[in-house]
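Worksheet: the structure to be examined is printed underneath.
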């Protein structure tokens, strides 16, 4: 069983109330081979919500309390992102999910690139808060850009 970012599976749960549907990933959900998760919604963030970015690092730094997640109004939403990651992991563990396909560039789900925290569109190498937690728990994370490299069983 796979876990897929809900926005990639067609759920309008992005910060702007939209989705990023990837038809092939939706087909995996429809075939019962994957379930959809959204750590940000699980953490209690609304749809839509203000854009948020990690400042002063990436998701690993957030878990080390060296970085924080802030929205465009300057509100610190770090704890909601962390709570969502933990809740998502608990679901993943319960369902025995073996791999994840998550939304690249997301402050929660990014697995190679995230935004730099300046809200200017600049991207940096790094991972999101949930991705960092999942990796620390031993899960393999792919994005919508490289998921075809994974072995789906």
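The values are calculated or read from the model by the stated rules, or taken from the named source; none is laboratory data. Small disclaimer: the values here were computed from a predicted structure and weren't measured. FYI the Cβ positions are ideal-geometry reconstructions off the backbone, even for glycines, and counts take in every protein chain you see.
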Selection count, the stretch 46-77, where residues are outside any strand (DSSP E or B) and either surrounded by fewer than 20 Cβ atoms within 10 Å (Cβ to Cβ) or at pLDDT below 95 (or both): 18
Strands (runs of 3 or more DSSP E) contained in the stretch 78-153 and holding at least 3 residues surrounded by 15 or more Cβ atoms within 10 Å (Cβ to Cβ): 99-102, 113-115, 140-143
Matching residues in the stretch 18-42 - criterion: being more than 24 Å from residue 125 (Cβ to Cβ), part of a loop (DSSP other than H, G, I, E, B) and touching a residue at least 12 places away in the same chain (Cβ under 8 Å): 19, 21, 33
Within the stretch 71-88, tally of residues that are farther than 12 Å from residue 129 by Cα and in contact with a helix residue (DSSP H, G or I) (Cβ under 9 Å, 6 or more places away or on another chain): 1
